[in-house]
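Read through the structure below, which is laid out as structure tokens, and then see the notes.
The values are calculated or read from the model by the stated rules, or taken from the named source; none is laboratory data. No experiment lies behind these values; they were computed from the predicted model shown. Here the Cβ is made from the backbone with ideal geometry for all residues, glycine too, and neighbour counts use every protein chain on show. Protein only, heavy atoms only, side chains kept; ligands, DNA and RNA dropped before computing areas. Shrake-Rupley method; radii C 1.70, N 1.55, O 1.52, S 1.80 Å.
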Amino acid sequence: KLDEPLQKSFCFPIIREAFSQDIDHILETHSALAVDLGGTNLRVAIVCMRTFESRIQLILSMCKDAIQDAVRLNCRILGVGVSTGGRVNPQEGVIIHSTQLIQEWSTVDLRTPLFDTLHLPVWLDNDGNCAALAEKKFGQGQGVENFVTIITGTGIGGGIMQNNELVHGSTFCAGELGHIMVSLDGPECMCGSRGCIEAYASGMALQREAKRLHDEDLLKVDGMELKGVEAVSAVHLINAARLGNSRAQAEYSVNSIAVLCNLVLTHNLVLTHNLVLTHNMVLTCYLVLVSAASTALGVGVVNILHMMNPSLIILSGVLASYYRSPIQDIISQRALVSSQSIMVVTSDLEEPALLGAASMVLDFSTRR
Ligand code: ADP
Ligand code: BMX
Ligand code: MG
Ligand code: CA
Ligand code: ZN
């Protein structure tokens, strides 16, 4: 619009998030102002470099800053380890393909620009794979020959450790555990398919549900109030479900909970039929909603057990502690007897993907 001044907020959202305090830094992204004057419309636009190029610039500039810190801390940097979403060829240092979760992040050679700028050796792998490396070196995977890790963030990542080695597969697509499908239809996934466990149980999937309920004014109950400009998140939904859990048993039979939930989920019944939900009923709906996510994830884990037969499943990411026990329950209900003893644990590492990226560098002498 003509009367709207061009503002810094035109920058890519991903960049604005990373640099909420220091946005000027990002304005170095090579861009042009473009003007198109026509008989009807006058258009002004900022045309930026392709997002993958500016993303690489951002990685480079953050790495340069970190190197300065390392000098101050008297650290000698041996190399750069990169953990990223997407299918990665670690030998070539290339991201082969990404889902819509990271746009324009396919056929990207990340090693060359990092090496050329920082003059350090560069290792690269998928984030779930890195999380598995971290568990092996620093976490609950120490001394465990065969384990699988599942990391819940925006999406769901996975890493498979078999005979003490990461499994990459024939086209570097092994361990894409978020895309294990647990239904023939089911919600759409960022990968282009549907019914994937990521589409049910990832942070983004829960956020999608939380936002839908919030927009329909259903999410506004005790313990759920949003502070200031805070966005509705997966954690809000889980907190509501926890609250629902503590009150549910007293008021409803399992059957009536399911019926109630269907009413809300196939929604608009609330609005169109003037159905009045009590506070506890609303909370119970959240509980059922989050249970659907846990069940999908649990069924996915059962599939993993039947395919890989690992001796341990390690969950990490912000939702791990919530999902652990429901997954264990699904295993006992639905896995083959021989798999039922497999333990599901939550990671005690704070940033498994980041630590795994570091471990590729620290173990370099044996890995390259
Ligand atoms: P990424 O997916 O970029 O690797 P994270 O692993 O940090 O990022 O996970 C971010 C996702 O996890 C968000 O999409 C959000 O759904 C959820 N999340 C993480 N931390 C919180 C939090 N403190 N409150 C609410 N949601 C969170
Ligand atoms: C997606 C996929 C995986 C990744 C997972 C977790 C892309 C870009 N990402 O399923 O490779 O491991 O997300 O990613 O294809 P995160 O964003 O939750 O960390
Ligand atoms: Mg991540
Ligand atoms: Ca993986
Ligand atoms: Zn998928």
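So here's what we get for this one:
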item	result
Descending Cα extents along the principal axes, the stretch 307-368, whole Å	44, 25, 14
Rounded FRET efficiency, nearest 0.05, which uses the C-beta distance separating Arg208 from Arg242 and R0 of 25 Å	0.80
Magnitude of the charge dipole, the stretch 282-368, Cβ model with Lys/Arg +1 and Asp/Glu -1, debye to 20	240
Relative contact order computed over the stretch 50-163 (Cα-Cα under 8 Å; 6+ residues apart), in percent	21
The stretch 118-209: projected area of the alpha-carbon convex hull, averaged over directions, in nm²	8.0
Amide N proximity, the stretch 97-118 versus Leu60 label position 7 Å along Cα-to-Cβ, cut-off under 14 Å	109-118
Gained length - Asn309 relative to Arg50, 0.36 nm times residue gap less alpha-carbon distance	89.0 nm
In nm, spacing of pseudo-spin labels at Thr40 and Gln340 (7 Å Cα→C-beta vector)	6.9
Per-peptide average of other Cβ atoms within 10 Å, ordering 298-308, 326-336 highest first	298-308, 326-336
Dimensions (Å) - the stretch 40-97, Cα atoms, principal axes, largest first	61, 31, 14
Those residues of the stretch 155-171 whose amide nitrogen sits under 12 Å from the label point placed on Asp348, 7 Å along Cα→Cβ	none
Dipole axis of the stretch 95-216 (+1 Lys, Arg; -1 Asp, Glu on Cβ), positive-most option in Gly178, Asn129, Ser98	Asn129
Trypsin sites (Lys or Arg not before Pro) within the stretch 35-93: DSSP coil, no more than 14 neighbouring Cβ in 10 Å	Arg50, Arg76
Cβ-based charge dipole, the stretch 93-170, positive-most Cα from Gly155, Val167, Val144	Val144
Kirkwood Rh, Cα atoms: Rg over Rh of the stretch 54-187	1.00
Where Ser54, Ser170, Ser347, Ser341 fall by accessible area, highest first, once all protein chains stay in place (1.4 Å)	Ser170, Ser341, Ser347, Ser54
Calculated log₁₀ intensity ratio I(q)/I(0) where the Debye formula runs over C-alpha points of the stretch 80-146, q = 0.21 Å⁻¹	-0.85
